[in-house]
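Asks: A single structure is presented below for examination.
The values are calculated or read from the model by the stated rules, or taken from the named source; none is laboratory data. All of these numbers come straight from a predicted model, not from anything done at the bench. Cβ placement follows ideal geometry from the backbone for every residue including glycine, while neighbour counts extend to all protein chains displayed. Note: areas computed on protein heavy atoms with side chains; ligands, DNA, RNA excluded. Shrake-Rupley method; radii C 1.70, N 1.55, O 1.52, S 1.80 Å.
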Amino acid sequence: MSGDYSQNDNPAHRGQLYLFIGIVTALFLLLAVQLFYFQIISGEEYRAHSERNRIRPVVLEALRGLILDRNGVVLAENRPTYTIAAAPFETSDETVDYLEELTGRDASAIRRRIRDPAVNRFNPIPVQRSVSFEIASRVEEHLLELPGVIVQITPGRMYGMGTLASHVLGYVSEINRPELEELAEQGYRSGDIIGKLGVEKAFERHLRGQNGMEFMEVNARGEELGPLPGMPVLLPETGNNVYLTLDARIQAVAEEAIPDNLAGALVAIDPTTGAVIAIVSRPGYDPNLFTERIPQETWDALRGHPLRPLLDRTRDGQYPPASTMKIVTAAAALEERMVTQTRVFRPCNRGYLFGNRWAGCWTSGHGAMSFRDAMTYSCDVYFYQVGHLLGLDRWGRFARGFGFGAPAGFDAGDEQNGLVPDAGFYDPAMNRPWTPGKILNLAIGQGELLVTPLQMATMIAAVANGGLLYKPYILDRVESAEGETLDSGEPAIRDRLPVSGETMRLIQDALINVVNEGTARSARLSYAQVAGKTGTAENPHGEDHSWFVGYAPADSPRIAVAAIMENAPSGSAVPVVRRVIDAYLSLEHKPVAGSAGSRYGAYAIP
């Protein structure tokens with residue numbers, strides 16, 4: 001019939017059909033766009049994610065180089081330890097909570113570690129080092145329930161002699177955020193072990209090895225299936241061995257010579273080179289404590305100890321030098337021709353009246369004295385008058401010329417400057433007004449003057465060798481694991497003392513007399529002439545400090561020593577230095593000998 005028409009010709013139905021076709025077409029277009037995005041634009045990223053879920057790069061930590069003394073005695077080495085590590089990308093919060101239950105390590109601390117933006121999310125990072133065998137075994141047994149977690153055997157640092165040379169050796173620990181930001185370009189990563197203080201830090205570039213890498217195949221649950229076939233293992237490279245100029249035998253003697261109930265410091269130097277033979281700050285600490293997570297109570301005990309064992313007194317301890325400074329004052333006066341061998345000043349009668357100030361002497365009175373006798377018996381009154389003649393500027397110029405007021409140049413870490421005050425220091429606006437009587441104090445090593453034991457050792461070494469002020473150094477040489485010498489320490493002259501040969505001879509003769517007849521008679525040895533100078537530093541916070549600086553043999557010095565004993569009777573440092581000099585001269589060129597009598601085992605006191 002002409003009036004009949006198809007249902008499809010209905011306009012309403014046609015509109016619905018077109019709408020349906022449009023929706024289906026849009027959905028297919030959206031799907032195509034998504035496929036294009038995932039497969040083409042982001043394909044590499046998702047492919048990498050897939051591969052990382054299958055491949056786990058595991059860092060193989062390198063052995064750190066050994067630290068040895070001049071005779072090859074090992075002072076720092078490595079030992080195998082258990083480390084628990086976790087790959088952040090694979091480790092869930094549930095896994096972290098379970099890890100806390102198994103190890104006792106705080107879950108929040110683990111989360112902070114693995115959620116740190118600085119870490120590589122796909123590489124396992126240490127979350128607990130130096131765990132016990134029991135904890136390592138417990139975690140190993142539950143690895144199927146700990147996706148992303150692995151137990152590794154890694155090298156740990158060990159200081160086999162405990163507190164021996166602890167301050168100069170320093171210690172290692174995990175790298176912190178500021179260090180990581182500074183050293184990231186050198187290949188360090190979060191979780192790496194790095195030298196923190198002393199030799200470990202100063203020679204980090206030599207001691208640090210090169211980590212390796214192993215690629216492990218894992219399943220979707222994070223379980224290791226074994227090494228990835230076809231991928232080579234990048235083996236770690238061991239760090240280089242660092243030999244020090246220290247003699248562990250003399251170091252042990254020096255440390256045992258300082259009583260356990262006292263604090264003090266000692267530095268022994270070869271006066272012909274500046275090589276450090278022994279360097280002691282007492283009390284010491286056990287650097288092994290810092291190679292793992294130190295318990296809070298242990299840290300609190302170290303920080304709160306009344307003798308401050310964490311302070312390195314050799315470099316950071318600053319003290320008035322007391323009468324040892326008379327060496328400098330005498331040298332300045334002789335060089336400026338204000339003093340001669342025979343000139344006698346106003347007699348010492350228990351003290352000296354300067355204006356309306358009475359400056360006392362340390363004893364009941366020396367009478368009229370020549371230069372030699374004034375040094376021998378350490379007469380304060382004589383040196384008050386010498387200091388007054390010199391004045392602040394001249395005296396300060398010589399003090400700085402003897403190496404004070406600036407770092408000594410030690411190669412194993414930073415050190416304090418000390419203080420040699422000048423006219424600019426005495427500023428009334430800073431509550432430090434200058435008065436003429438202050439030079440009296442400075443001339444005998446008191447007042448605002450401050451020095452470090454390391455500076456004192458370099459000074460007396462320069463006097464011993466005739467005037468060469470060497471930089472103290474502790475690096476003997478660096479050797480590869482194969483024994484090839486890669487670097488070595490060398491003597492370096494920092495300056496020359498500002499005195500003539502004649503002045504130096506007079507000073508040296510006076511220092512011999514100090515030991516033979518004067519205040520340091522207890523330093524005498526039967527077989528070698530010792531030269532030196534005592535000092536008793538006033539301490540506004542308690543008992544005085546005892547100084548002694550000396551060297552031997554006087555005619556051909558082979559060792560120079562400076563020592564300070566805090567809060568100790570006058571003269572307490574003398575037998576300590578004598579013991580070290582005696583040990584060194586007795587043990588020179590002898591092989592290492594053992595004894596059960598020493599706290600340090602094989603390093604016996606002769």
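Asks: Where the only charges are on Cβ atoms (+1 Lys, Arg; -1 Asp, Glu), what is the dipole of the chain about its Cα centre, to the nearest 20 debye?
Replies: 2600
Asks: For the residue pair L19 and I55, what label-to-label distance in nm results when each label sits 7 Å from Cα along the Cα-to-beta-carbon direction?
Replies: My value for the distance between the label points is 5.3 nm.
Asks: Here is a further query. Sort 173-184, 201-212, 273-284, 105-116 for me by packing, meaning the mean count of neighbouring Cβ atoms within 10 Å per residue, highest on top.
Replies: 273-284, 201-212, 105-116, 173-184
Asks: Where nothing but the Cβ of Lys and Arg (+1) and of Asp and Glu (-1) is charged, how large is the charge dipole of the stretch 255-349 around its Cα centre, in debye to the nearest 20?
Replies: 660
Asks: Roughly speaking, what is the stretch gain from A492 to L29, that is 0.36 nm per residue apart minus the C-alpha to C-alpha distance, in nm to one decimal?
Replies: Stretched fully, the A492-L29 segment lengthens by 158.9 nm.
Asks: Could you work out how far helix 453-465 tilts from the main Cα principal axis of the chain, as a 0 to 90 degree angle to the nearest 10?
Replies: 50
Asks: Given charges of +1 on the Cβ of Lys and Arg and -1 on the Cβ of Asp and Glu, with all other atoms neutral, how large is the dipole of the stretch 141-296 about its Cα centre, in debye to the nearest 20?
Replies: Using Cβ point charges on Lys, Arg, Asp and Glu, the stretch 141-296 gives about 380 debye.
Asks: If packing is taken as the average number of other Cβ atoms within 10 Å across a peptide's residues, how do 130-139, 552-561 rank, most packed first?
Replies: The packing order, highest mean first, is 552-561, 130-139.
Asks: Hey, what angle do you get for helix 573-587 against the long axis of the chain, alpha-carbon based, 0 to 90 degrees rounded to 10?
Replies: For 573-587 against the chain, the angle is about 80 degrees.
Asks: OK, next. What whole number of Å gives the distance from the Cα centroid of the stretch 441-494 to the Cα centroid of the stretch 105-170?
Replies: 39
Asks: Expressed in nm², what is the orientationally averaged projection area of the convex hull enclosing the Cα positions of the stretch 506-547?
Replies: Mean orientational projected area (the stretch 506-547, Cα hull): 3.4 nm².
Asks: Over 30 Å apart: what share of the alpha carbon pairs of the chain falls there, rounded to a whole percent?
Replies: Tail of P(r) above 30 Å: 62 percent of Cα pairs.
Asks: Sort the following peptides by mean Cβ neighbour count (other Cβ atoms within 10 Å, averaged over residues), highest first: 120-126, 324-330, 543-549.
Replies: 324-330, 543-549, 120-126
Asks: For a quick check of understanding: with a 1.4 angstrom probe and all protein chains in place, what accessible area in square angstrom does E490 have, to the nearest ten?
Replies: 120
Asks: Which part of the stretch 541-558 falls in the paramagnetic zone of A528, meaning amide N under 14 Å from the point 7 Å along Cα-to-beta-carbon?
Replies: Flagged as within label range: 550-558.
Asks: Continuing with this model, one more query. Per-residue ellipticity at 222 nm for the chain, helices alone: DSSP H runs ≥ 4 residues times -39500 (n - 2.57), over residue total, nearest 500 deg cm²/dmol?
Replies: Calculated at 222 nm, the ellipticity per residue is -9500 deg cm²/dmol.
Asks: Could you compute the net charge surrounding E484? Neighbours are other residues with a C-beta less than 14 Å from the C-beta of E484; K and R count +1, D and E count -1.
Replies: Summing Lys and Arg as +1 and Asp and Glu as -1 gives -3.
Asks: Right, something else. Pairwise over distinct Cα atoms, reciprocal of the mean inverse distance: report the Kirkwood radius of the stretch 133-287 in Å, one decimal place.
Replies: For the stretch 133-287, inverting the mean 1/r across all distinct Cα pairs yields 19.2 Å.
Asks: What is the pair-distance distribution P(r) of the stretch 291-387, computed from all Cα-Cα distances in 10 Å bins starting at 0, with each bin given as a whole percent?
Replies: Pair shares across the bins are 14, 32, 18, 13, 12, 9, 2.
Asks: Helix 501-516: angle to the longest alpha-carbon principal axis of the chain, degrees 0 to 90, nearest 10?
Replies: 80
Asks: Additional query: Excluding C379 itself, calculate the net charge of residues whose Cβ lies under 14 Å from the Cβ of C379, where each Lys or Arg counts +1 and each Asp or Glu counts -1.
Replies: Surrounding charge for C379 is +3.
Asks: At a temperature of 25 °C and a viscosity of 0.890 mPa s, determine how fast the stretch 49-177 diffuses translationally according to Stokes-Einstein, using the Kirkwood radius over alpha-carbon pairs as Rh; express D in µm²/s, rounded to the nearest whole number.
Replies: 151
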